[in-house]
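*Asks:* Below is a structure I'd like to ask you about.
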Amino acid sequence: MGTIVGGFLVPHDPVMFVAPEAPPQDVAQRMWGAFAACAQRLAALQATSVVIIGADHYMLFGTGCLPQYVIGTGEVDGPIDALPGLRRGPIPDRQALAAHIARHGHAHGFDWAVARAFTVDHAVAIPNQLIVEPVRAQGQAIGTVPVYLAAGVDPYISLPRAAQLGAAIKAAVEAAPDDERVVVIGSGGISHWVGTPEMGRVNEAFDQEILDYAVRGDLAGLCALSDDYILSHGGNGGMEIRQWACAMGALPGARGEVIDYAPVPEWVTGLGFVQLHA
């Protein structure tokens, strides 16, 4: 039997790698430091696996096929998108757990799309490199299970369904035959506009609203937000709060602790870091 022992809600901002010197130095140091703090907290949880929930960016899936949600059950590598300082290579996986989550979902009303070999993009690769790899470097063996939601381009998975998927991940982990200690990482957001005239805008009020839902563990409130509201106040990148809803769904009732937050227009995003305490 497995257990979900904790979770994190974090950004996956590629501009941090493309223009690391763009923001004021103290802000940049805080944001890189927030990733390091997440790594330290992950180490303390003694996890055997992490489920990293990312969003499609039209790099992995596109007009030919856009699954609502997909899980990688085979070998994992990445990222597919080359970024300075974000090295591409194999990512230690947890194939048995990933396959079990898919099978359990299929038996309980969640028809996972399955990737038996998966080259991930930065949505999984950034938290894997900045949060999980430092813990592996200390000698802890942790496997990464990549999950992708349709949150980057239309048609989007609904917020309630994303939360239900998180609950399905929890149920599958708890039914796993192995004694897994699993941490769930919701990777994305918060407010940002991608490829639009508003790119570079950050809406701190929207970001604080989303952080407040996470701190209070108010998943119902988060899932009640309409897509029109999110697009208007958080931008098309704000649709990635679906990954947060999914992670929160895997930790029902968990309260969040804000590790750090800053609106960073130089990195085109409001960057929020939250630990979900099981």
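*Asks:* Pull out all pairs, ordered by first then second residue, where Cβ-Cβ is under 7 Å, the residues are six or more apart or on different chains, the first lies in region 70-89 and is of a type outside the set (Val, Ile, Thr), and the second is modelled with pLDDT under 90 and not in a strand (DSSP E or B).
*Replies:* Asp81/Met59; Arg88/Ala82
*Asks:* In addition: Open to solvent by less than 70 Å² (accessible area, probe 1.4 Å) and either farther than 27 Å from Asp178 by Cβ or not polar (S, T, N, Q) (or both): which single residue out of Gly72, Gly64 fits that description?
*Replies:* Just a single option satisfies the conditions, and that option is Gly72.
*Asks:* To continue, here is another question. Condition check: open to solvent by less than 70 Å² (accessible area, probe 1.4 Å) and acidic (Asp, Glu). Does Asp111 satisfy that?
*Replies:* no
*Asks:* Now for a separate question. Looking for whichever is more than 23 Å from Ile142 (Cα to Cα), outside any loop (DSSP other than H, G, I, E, B) and open to solvent by less than 30 Å² (accessible area, probe 1.4 Å) here; the options are Ala37, Ala43, Ala28. Which one fits?
*Replies:* Only one candidate passes the filter, namely Ala28.
*Asks:* For region 116-152, which residues satisfy the criterion of being in contact with a Gly (Cβ under 8 Å, 6 or more places away or on another chain), of a type in the set (A, V, I, L, M) and surrounded by 20 or more Cβ atoms within 10 Å (Cβ to Cβ)?
*Replies:* Residues satisfying the conditions are Val120, Ala123, Val124, Ala125, Val145, Val147, Leu149, Ala151.
*Asks:* Still on this model: Return yes when Ser191 is open to solvent by 60 Å² or more (accessible area, probe 1.4 Å), modelled with pLDDT of 95 or more and either aromatic (Phe, Trp, Tyr) or farther than 21 Å from Arg255 by Cβ (or both) and no when it is not.
*Replies:* In short, no.
*Asks:* Let me spell it out: the conditions are (1) under 21 Å from Gly143 (Cβ atoms); (2) open to solvent by 20 Å² or more (accessible area, probe 1.4 Å), and Gly85 meets all of them except one. Which number is the exception?
*Replies:* (1)
*Asks:* Right, another one. Only one of Glu198, Glu209, Glu180 is of a type in the set (Asp, Glu), open to solvent by less than 30 Å² (accessible area, probe 1.4 Å) and more than 16 Å from the chain's Cα centre (by Cα). Can you tell me which?
*Replies:* None of the others qualify; the one that does is Glu180.
*Asks:* Right, something else. Only one of (1) in contact with a helix residue (DSSP H, G or I) (Cβ under 7 Å, 6 or more places away or on another chain); (2) under 29 Å from Tyr261 (Cα atoms); (3) buried (at least 17 other Cβ atoms within 10 Å of the Cβ) is not met by Pro20, so which one is it?
*Replies:* (3)
*Asks:* Pairs please, first residue from region 11-27 and in contact (Cβ under 8 Å) with a residue 60 or more places away in the chain, second anywhere and of a type in the set (Phe, Trp, Tyr) and surrounded by 17 or more Cβ atoms within 10 Å (Cβ to Cβ), Cβ atoms under 6 Å, 6+ apart in sequence or on different chains.
*Replies:* Every condition considered, the pairs that remain are Asp13/Trp267; Val15/Trp267; Met16/Trp267.
The values are calculated or read from the model by the stated rules, or taken from the named source; none is laboratory data. Please read all numbers here as calculations on a predicted model, not as lab measurements. Here Cβ is always computed from backbone atoms with ideal geometry, including for glycine, and neighbour counts include all displayed protein chains. Accessible surface is based on the protein model in full, side chains and every heavy atom, while ligands, DNA and RNA are left aside. Shrake-Rupley method; radii C 1.70, N 1.55, O 1.52, S 1.80 Å.
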